[in-house]
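Q: What follows is a single structure, and I will ask about it in a moment.
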Amino acid sequence: MPGPRTDEEPAAPDSASELIRWAAFSCVLVPVVLVWYGTSLAGATGTALGLAAVTAVCRLLLRRSERGARGRR
């Protein structure tokens with residue numbers, strides 16, 4: 001039997017956090033795949049560092065955007 005109905009909407013997942021989790025996963029996965037397919041360890045490490053830097057900047061911009069959106073409500 002279903003419980004009582006409420007007017008509240010279910011909480012939406014934090015899409016920014018989910019995006020950052022996938023980006024962090026890519027920072028690990030891409031270098032592993034590169035090494036697997038024969039790229040040098042130095043090249044894969046450089047790629048991992050580049051992806052980590054881009055992920056960090058994107059995370060900063062997403063959080064700043066979220067704060068700005070909350071302030072305008």
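Q: For Arg63, state whether it is among the charged types (D, E, K, R), assigned to a helix (DSSP H, G or I), out of contact with any Ser or Thr (no Cβ under 6 Å at 6 or more places or on another chain) and open to solvent by less than 70 Å² (accessible area, probe 1.4 Å).
A: Yes; evaluated as a whole, the condition is true for this residue.
Q: Hey, another quick one. Which one of these is in a helix (DSSP H, G or I), surrounded by 10 or more Cβ atoms within 10 Å (Cβ to Cβ), of a type outside the set (S, T, N, Q) and modelled with pLDDT of 85 or more: Ala42, Ala16, Ala24?
A: Ala24
The values are calculated or read from the model by the stated rules, or taken from the named source; none is laboratory data. Worth saying up front: this structure is predicted, and the values here are computed from it rather than measured. Neighbour counts are summed over all protein chains in view; Cβ atoms, including those assigned to glycine, are modelled from backbone coordinates with ideal geometry. Ligands, DNA and RNA are stripped out before the accessible areas are found, and what is left, the full protein with its side chains, is counted by its heavy atoms. Shrake-Rupley method; radii C 1.70, N 1.55, O 1.52, S 1.80 Å.
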